[in-house]
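Values quoted throughout were computed directly from the atomic coordinates according to the rules given, and no laboratory measurement underlies them. All values reported here derive from a predicted model rather than from experimental measurement. So basically every Cβ, Gly included, is an ideal-geometry build from the backbone, and we count neighbours across all protein chains shown.
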């Protein structure tokens, strides 16, 4: 559950740290929950719960959903939040796994 191990002692991450890690992961483009989990070291179920919150804030959107996979991407509001609260020189990629409605 979002634990970091320091000197052999598990330390629970704060919600803001988990959410910022998820948002930063999405700066590389669209990703699945498992991709975010692998990249951030956060349990997939924890990622899923925090994505629900981030979607509610309008910082992330689900661009594809099936019985087997869900794909998420950062919104312009999420990019703005990262630039204002995490780092002003973050590079946001537009890499897509899924193209919707004829996007090129």
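Taking the number of Cβ atoms within 10 Å of each Cβ as an exposure proxy, the fewest-first ranking of 73, 80 is 80, 73. Between residue 65 and residue 15, residue separation times 0.36 nm minus the direct Cα-Cα distance comes to 15.5 nm. Among 54, 24, 82, 74, the ranking by other beta carbons within 10 Å of each residue's beta carbon, starting with the fewest, stands as 24, 82, 54, 74. Sorted ascending by nearby beta carbons within 10 Å, beginning with the fewest, 92, 36 become 92, 36.
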